[in-house]
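Structure, as structure tokens:
Readers should treat all values here as calculations from the given coordinates under stated rules, not as data from a laboratory. Here the structure is a predicted model, which means the values were calculated and not measured. As a convention, Cβ positions derive from the backbone with ideal geometry for all residues, glycine included, and neighbour counts pool all protein chains shown.
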Amino acid sequence: MAEASTQHDDNNETKSRRDFLLLIPLALFASMAATIAAAAFRYLRPTRIFGEAVWTDIGPLSQFTGARPIMRSLETERAAGWANMVEEHFVFVLPDKNYQVLSAACPHEGCNVIWRDEDRNFFCPCHDSSFAADGSRLSGPARRGLDPLPSQTENGTLKVKYQSFVNNTSERVVRG
Ligand code: FES
């Protein structure tokens, strides 16, 4: 009887050991699956909701003083298939126009405009369009003025929602 009980205990111990050994590959598999899932989430997560721009800091308000436009660059991410593309854009802050922010992309074909101190206007080197200090169109093939961007101040920092617009139209149409 005692012998039967010992054998029963041995069987139980062997079964527990077998169960435990089975758990090791399962735990390894679960850990690998979690690592792959986390990497996939990081890679595929949307950084920009389709068609909706996000607020981006462009600097403390104290940096934007004086009577001339101040250029800043910012980066946006755009989903391109499975990958995200980082794009650099340029904007001008107008300190004397209540910190209005203008896109530096020429509305003709998208070249970046420059500010000319001597003429106090914006100039596009691609096809010679020019724009007044407030961004309104002066001359050249561009059919509208420079595009204003939504901006706001939060805790002393100027933020902008960068948007691209359709080129070469007189109407301002946000690119989706
Ligand atoms: S792209 Fe600016 S004038 Fe053509």
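Of note:
- Scoring residue 133 on the criteria (1) over 17 Å from residue 89 (Cβ atoms); (2) exposed (fewer than 12 other Cβ atoms within 10 Å of the Cβ) leaves a single failure, condition (2).
- Taking every residue in region 122-136 that is under 17 Å from residue 70 (Cβ atoms) and pairing it with any residue that is within 10 Å of the ligand (Cβ to nearest atom) and not aromatic (Phe, Trp, Tyr), at least 6 positions away or on another chain, the pairs with Cβ-Cβ distances below 6 Å are 122/113; 123/130.
- Region 135-146 - residue that is touching a strand residue (DSSP E or B) at 6+ places or on another chain (Cβ under 7 Å) and in a loop (DSSP other than H, G, I, E, B) and, of those, nearest to the ligand (Cβ to nearest atom): 140
- Pair list, Cβ < 7 Å and 6+ apart or interchain, from region 156-172 residues that are closer than 17 Å to residue 76 by Cβ to residues that are among the acidic types (Asp, Glu) and within 16 Å of the ligand (Cβ to nearest atom): 165/147
- Among the residues of region 150-169, those that are among the small types (Gly, Ala, Ser) and surrounded by 10 or more Cβ atoms within 10 Å (Cβ to Cβ) comprise 151, 164.
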